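Structure first, then comments.
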Amino acid sequence: MERWAGRVALVTGASSGIGAAIALALLNRDMKVVGCARNVDNVQALSSKMREGSKGSLTVVHCDLRNHDDITSMFEQIRSEFGILHLCVNAAGLSKDAPLLSGDTDSWKEMLDVNVLAVSICTREAVTLMRDSGVDDGHIFNVCSMAGHRPLNNKMNSFYGATKYAVRALTEGVRAELRGLKSHIRVTEISPGLVETEFFVRLGGEQFSQKIFKNLKV
C-alpha cells in the first residue's frame with residue numbers, strides 16, 4: 001500500500017457501510033480521498049476517525065448517483081482540484097423491496113441508476129481522467145455482491161441480484177476494453193456476502209436487519 005500514499009482516490013457511497021470503511025482505510029494509508037454521497041455530514045465525520053499522524057486528506061462531495069449530471073460534475077471537480085485520479089472505488093449500492101412479480105418500476109429504475117449506470121459512468125469518467133493525466137497503473141474496484149453470483153432465496157432481492165450480475169458483466173467488459181487499449185489500468189470486482197451495515201436497515205427496517213444477523217450469529 002505504500003505506493004498509494006499521496007495519491008488520489010474516489011470512493012462512492014462513503015457515508016456508511018462498506019464505502020465508509022474503505023474511505024477511512026485509504027485515509028489512514030495517507031491517500032487523498034474524495035468521498036461522495038448524498039449525506040455529506042456522515043462523510044465529513046470520517047475526518048475525526050482518522051488515525052493519529054495520518055497524512056491522508058478528505059474532500060467531501062455531495063453527489064446523488066441517480067443524477068447523471070451530478071456524477072459528471074463530481075469528476076469535473078476532481079479534475080479541477082487534483083488534475084489526476086489513481087483509484088476509483090464504486091462502493092455505493094442500494095436494494096429495494098421490489099420483487100420481480102410485484103415490484104414498482106420506479107424502484108427498479110432507482111436500483112439500475114445506482115447499481116449499474118452510476119458504476120458505468122464513474123468507471124468511464126475515472127478511466128478517462130486516469131489516461132488524460134498519464135496514470136497507467138490506476139485501479140477500479142467494483143463492490144459487487146454474492147447476489148451477483150447466485151440467486152438469493154429471497155424475493156426482495158430478485159431485481160437487486162440482477163443488477164449485481166450486471167456489475168460482474170461490466171467488470172469483465174471494462175477489463176477487455178482496457179486490454180484492447182494495451183492499458184495497465186486494472187479493474188477488480190469484490191463480492192461480499194452479508195455484512196452488518198445500515199444497508200439492511202434501509203432495505204427492511206431495524207427489526208428486519210436484526211433478525212438477519214441474529215440468525216447468522218446463532
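Each value in this text was obtained by applying a stated rule to the coordinates, not by laboratory testing. Note that the coordinates shown come from a computational prediction; the quantities given were computed from them, not determined experimentally. As a convention, Cβ positions derive from the backbone with ideal geometry for all residues, glycine included, and neighbour counts pool all protein chains shown.
Within region 77-103, residues that are in contact (Cβ under 8 Å) with a residue 40 or more places away in the chain have Cβ atoms under 6 Å from residues that are basic (Lys, Arg) and surrounded by fewer than 23 Cβ atoms within 10 Å (Cβ to Cβ) in these pairs: His86/Arg7; Pro99/Lys155, counting only partners at least 6 apart in sequence or on another chain.
Let's see how each residue does on (1) part of a loop (DSSP other than H, G, I, E, B); (2) among the charged types (D, E, K, R); (3) under 18 Å from the mean Cα position of the chain (by Cα):
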| residue | (1), (2), (3) |
| --- | --- |
| Ala98 | yes, no, no |
| Gly103 | yes, no, no |
| Ser107 | no, no, no |
| Asp113 | no, yes, yes |
| Ala118 | no, no, yes |
| Ile121 | no, no, yes |
| Glu125 | no, yes, yes |
| Asp137 | yes, yes, no |
| Asn142 | no, no, yes |
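Scanning region 15-25 for residues that are surrounded by fewer than 23 Cβ atoms within 10 Å (Cβ to Cβ), part of a helix (DSSP H, G or I) and either in contact with a Gly (Cβ under 8 Å, 6 or more places away or on another chain) or small (Gly, Ala, Ser) (or both) turns up Gly17, Ala21, Ala25. Is there a residue in region 43-63 that is in contact with a Leu (Cβ under 9 Å, 6 or more places away or on another chain), crowded, with 22+ Cβ neighbours inside 10 Å, touching a residue at least 40 places away in the same chain (Cβ under 8 Å) and part of a loop (DSSP other than H, G, I, E, B)? Within region 43-63 (the criterion being in contact with a Leu (Cβ under 9 Å, 6 or more places away or on another chain), crowded, with 22+ Cβ neighbours inside 10 Å, touching a residue at least 40 places away in the same chain (Cβ under 8 Å) and part of a loop (DSSP other than H, G, I, E, B)), the answer is no, since none of the residues qualifies. Here Leu94 does not qualify as surrounded by fewer than 17 Cβ atoms within 10 Å (Cβ to Cβ) and under 23 Å from Asp70 (Cβ atoms).
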